[in-house]
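J.: I have a structure I would like to understand better, so I am pasting it below and will then ask my questions one at a time.
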Amino acid sequence: MAVEADGRRLRDVGEPRLFATDHASPQPFLPELAEVEWRHALLLAPYRPRAKRRHDGEQAPLFPILRDAATG
């Protein structure tokens with residue numbers, strides 16, 4: 001085992017060993033590269049920008065009573 005110069009972090013671990021434990025690892029072991037069926041990456045069409053919304057006019061007030069009180 002080699003430690004960084006600051007003495008806090010590991011630089012290298014030689015001959016790692018695995019021990020049986022009751023705690024399961026959240027990361028499953030990855031399969032060997034030879035066992036994996038590789039698939040080609042597909043180039044997708046670029047995203048199309050959204051269409052501009054048409055301005056159909058002004059929205060009617062939801063509470064006409066409040067509008068009249070504010071103006072009058």
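The values are calculated or read from the model by the stated rules, or taken from the named source; none is laboratory data. Everything numeric in this text was worked out from a predicted model, so none of it was measured. Positions of Cβ are backbone-derived with ideal geometry, glycine not excepted, and every protein chain shown enters the neighbour counts.
J.: Scan region 30-59 residue by residue and report those that are at pLDDT 75 or above and of a type in the set (A, V, I, L, M).
T.: Listed by number, the residues that qualify are LEU30, ALA41, LEU42, LEU43, LEU44, ALA45, ALA51.
J.: So the check is Cβ under 9 Å with 6+ separation or different chains; which pairs have a first residue in region 20-36 that's hydrophobic (A, V, I, L, M, F, W, C) and a second one that's modelled with pLDDT of 80 or more and part of a loop (DSSP other than H, G, I, E, B)?
T.: Pairs found: none.
J.: Separate question: Taking GLU58 as the residue in question, decide whether it is in a loop (DSSP other than H, G, I, E, B) and on the phi > 0 side of the Ramachandran plot.
T.: No; evaluated as a whole, the condition is false for this residue.
J.: If the Cβ limit is 9 Å and pairs must be 6+ apart or interchain, which residue in region 1-12 that is in a loop (DSSP other than H, G, I, E, B) pairs with which residue that is surrounded by 10 or more Cβ atoms within 10 Å (Cβ to Cβ)?
T.: Pairs found: ARG9/VAL3.
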